[in-house]
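Read through the structure below, which is laid out as structure tokens, and then see the notes.
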Amino acid sequence: MPIVIRRPDHARWETKADQAMAVQRAALRVALPGLHNPHAADEDRAWIRTVFARRSVWLATTDDDAVIGIASRDGEWLTQLYVAPGFTGQGIGQQLLDAMIAESPGLKLWTFQRNAGARRFYECNGFVAVEFGDGSVNEEREPDVRSERASIGSG
């Protein structure tokens, strides 16, 4: 099945935002069973629409235009990178990350410490863990790790 990495279609923005939020929720359920979700569905819906309005967003879509992946960036911070269960391991996350790196090579991000797959993926893409947290400052109350990727040519 052909996958397209593209910007959200403004004419279908709300539908695509809702699909992207569904991808995020499903990906988190599979990757991090039991993760506390502090928000109701309507709060998530409002938040993702703000993301679409204010951040750089790339989507992975199928040939029938279903969203199966999302990446978003706020300045140098990668704030989302999720691929729908059933579509992982096909290079979709890599394509989304590559789009983000093309815009901002020196990215930073937070991920949860127990998300070994995500941490491995980011490490393979040049991210280095620089700070570990105990979960006291994130909404999920989950131990996390901040990673950074050096820009090419930086010291």
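Since every read-out is calculated from the coordinates, none of them should be taken as a lab result. This structure is a prediction, so every number in the text was calculated from the model and none was measured. As a convention, Cβ positions derive from the backbone with ideal geometry for all residues, glycine included, and neighbour counts pool all protein chains shown.
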>> Within 10 Å of each candidate Cβ there may be at most 16 other Cβ atoms; applying that plus a DSSP loop requirement, which GluC sites (Glu not before Pro) in region 55-150 survive?
In response: Glu76, Glu139, Glu140
>> Only Cα pairs within less than 10 Å get springs; with that Gaussian network setup on the chain, which residue of Ala116, Ala11, Ala31 has the largest fluctuation?
In response: Ala11
> For the residue pair Ala66 and Gln94, what label-to-label distance in nm results when each label sits 7 Å from Cα along the Cα-to-beta-carbon direction?
Replying inline: 2.4 nm
> Quick one: if you stick a label point 7 Å off each Cα along the C-beta vector at Glu123 and Val4, how many nm between them?
Replying inline: 3.7 nm
> Can you sort Leu78, Leu28, Leu109 by how many other beta carbons sit within 10 Å, fewest first?
Replying inline: Leu28, Leu109, Leu78
>> Counting only helical runs of four or more DSSP H residues, what would the 222 nm mean residue ellipticity of the chain come to if each run contributes -39,500 (n - 2.57) and the total is spread over all its residues?
In response: -11000 deg cm²/dmol
> Near Gly106, within a Cβ-to-Cβ distance under 15 Å, what is the net charge of the other residues, with Lys and Arg +1 and Asp and Glu -1?
Replying inline: -1
> Once the dipole of region 3-149 is set up with Lys and Arg at +1 and Asp and Glu at -1 on Cβ about the Cα centre, which of Ala102, Gly117, Ala17 lies farthest towards its positive end?
Replying inline: Ala102
> P(r) tail for the chain, what percent of Cα pairs lie past 29 Å?
Replying inline: 13 percent
> Using a simple charge model, +1 on the beta-carbon of Lys and Arg, -1 on the beta-carbon of Asp and Glu, nothing else, what dipole does the chain show about its Cα centre, in debye to the nearest 20?
Replying inline: 140 debye
>> Between Val30 and Arg12, what is the label-point separation in nm under the 7 Å Cα-to-beta-carbon projection?
In response: 2.1 nm
